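Inspection log for the structure reproduced underneath, given as structure tokens.
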Amino acid sequence: MDDHLSSAESILVHAGTGRSAGDPATPPLVPASIFVSEGDPDPARAYGRSGNPGWEALETALGAVEQAQALVFASGQAASMALMLALAHGRDQILLPSDGYYNARILTERLRPHGARPVLVDLRDLAQVQRELAAAPSLLWAETPTNPLLRVCDIARLAELAGSAGAPMIVDNTVATGLVQQPLELGATASLCSLTKSGSGHSDVILGAVATRDPQLLTELHQWRTLGGGIPGPFETWLALRGLKTLPLRLARQSENALGVARHLIGHPRVRAVHYPGVEDATLELARRQMRAGFGPLLSFELAGSAADADAVIAASRLILPATSFGGVESTWERRARWPGETAPQSLIRLSAGIEPLASIIADIDGALQAASGLDTHTERLPRGDPG
């Protein structure tokens, strides 16, 4: 097939759609718990916990993005658990990023009685990673950019170290998505993604997915999903597939907005630090080499103040929604350290850039910073206007 016709963007648009006369132009929703079955049962068409046409259409689309095979789960946490159960068996430790998604650390602690212990490492410190990999049989659980500090680590180098130690490597690719970053191309065993975020993109779905080029791992993950019951609902997969069709367009706009906001906040009198791959000098070249089509929708910044100051800024917003999660079409923000188990600085605000006009997002941020401080921070900045 012509490369343009088989591009990930084209497959995302057409996944699940037939081309025969009478086929619907949109993938059908199949809310079936059973299928007609005679003789030897077809595992994919026997009982609803084993398969669904909607799952398969979504998995085809996700697999095309990373040139792999994908499996969809009820949530990102369900996908994470299946990966840990499948790959941590017989290993003494799971190496986790010390600044990564805190629920991954909590999940590992919960699984500790059943297998490997969690060990926190700085994934940018390759010497430390190498020492820990040599210390005991391990599973390397990477995340880049990290959530919520947006730190970038070198996937290719980590994959080399993991390969030399005989350790499988998982990359949580939720912040970037497969359109921006290709962990499997860089040597990862599997790529993990929460479809709750940018994948579906409309803040109306809880889903997760794993992509891999290892057939044995895919089979084992499928077994864990079927036996454990971490299956996606047919309506959720239908919504996610619909959302994926516009992912390239949404992600481009959101990445542009996130970069614009990050640049705007650098040097702001109320902002102590800005975290975004596109403005982090130390890892900018690595991010440019490793990520494509922008740096993603997520950024964070630390106020030169307290947790109460950050809460006041968030409460003063008229456009940006105070909400957790990220990747939706609407801009959202929150003080991340309000969650038990999160290790982010107390005044850190995590912001997910939506698809609103950049000027509106910046005006709302400036207005919130001014309203919360009682100071005029608008000198030589965009007027607030109507954030609409």
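The figures follow:
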{"read-out": "Condition check for A104: assigned to a helix (DSSP H, G or I) and either open to solvent by 20 Å² or more (accessible area, probe 1.4 Å) or of a type in the set (G, A, S) (or both)", "value": "yes"}
{"read-out": "Options T219, T226; residue that is among the β-branched types (V, I, T), closer than 21 Å to L139 by Cβ and either at pLDDT below 95 or not in a loop (DSSP other than H, G, I, E, B) (or both)", "value": "T219"}
{"read-out": "Number of the condition not met by A32 [criteria: (1) assigned to a helix (DSSP H, G or I); (2) open to solvent by 20 Å² or more (accessible area, probe 1.4 Å)]", "value": "(1)"}
{"read-out": "Residue in segment 152-163 that is touching a residue at least 12 places away in the same chain (Cβ under 8 Å), assigned to a loop (DSSP other than H, G, I, E, B) and open to solvent by 20 Å² or more (accessible area, probe 1.4 Å) present", "value": "yes"}
{"read-out": "When residues of segment 219-246 are limited to those that are of a type in the set (A, V, I, L, M, F, W, C) and under 20 Å from the mean Cα position of the chain (by Cα), the one most open to solvent (accessible area, probe 1.4 Å)", "value": "W238"}
{"read-out": "Every residue from segment 67-87 that is within 14 Å of the chain's Cα centre (by Cα) and closer than 19 Å to Q181 by Cβ", "value": "G76, A79, S80"}
{"read-out": "Conditions (1) under 20 Å from R292 (Cβ atoms); (2) hydroxyl-bearing (S, T, Y); (3) assigned to a helix (DSSP H, G or I): number failed by T196", "value": "(1)"}
{"read-out": "Residue ID - nearest to V175 (Cα to Cα), chosen from residues in segment 113-142 that are among the basic types (K, R) and surrounded by 14 or more Cβ atoms within 10 Å (Cβ to Cβ)", "value": "R124"}
{"read-out": "Checklist (1) in a helix (DSSP H, G or I); (2) closer than 23 Å to L186 by Cα applied to Q67, failing item", "value": "(1)"}
{"read-out": "Hits in segment 109-131 (condition: assigned to a helix (DSSP H, G or I), of a type outside the set (A, V, I, L, M) and at pLDDT below 90)", "value": "E109, R110, R112, P113, H114"}
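The values are calculated or read from the model by the stated rules, or taken from the named source; none is laboratory data. This structure is a prediction, so every number in the text was calculated from the model and none was measured. When we count neighbours, we look across all protein chains shown, and the Cβ atoms used for this are built from the backbone with ideal geometry, even at glycine. Calculation scope for accessible area: heavy atoms of the full protein, side chains included, ligands and nucleic acids excluded. Shrake-Rupley method; radii C 1.70, N 1.55, O 1.52, S 1.80 Å.
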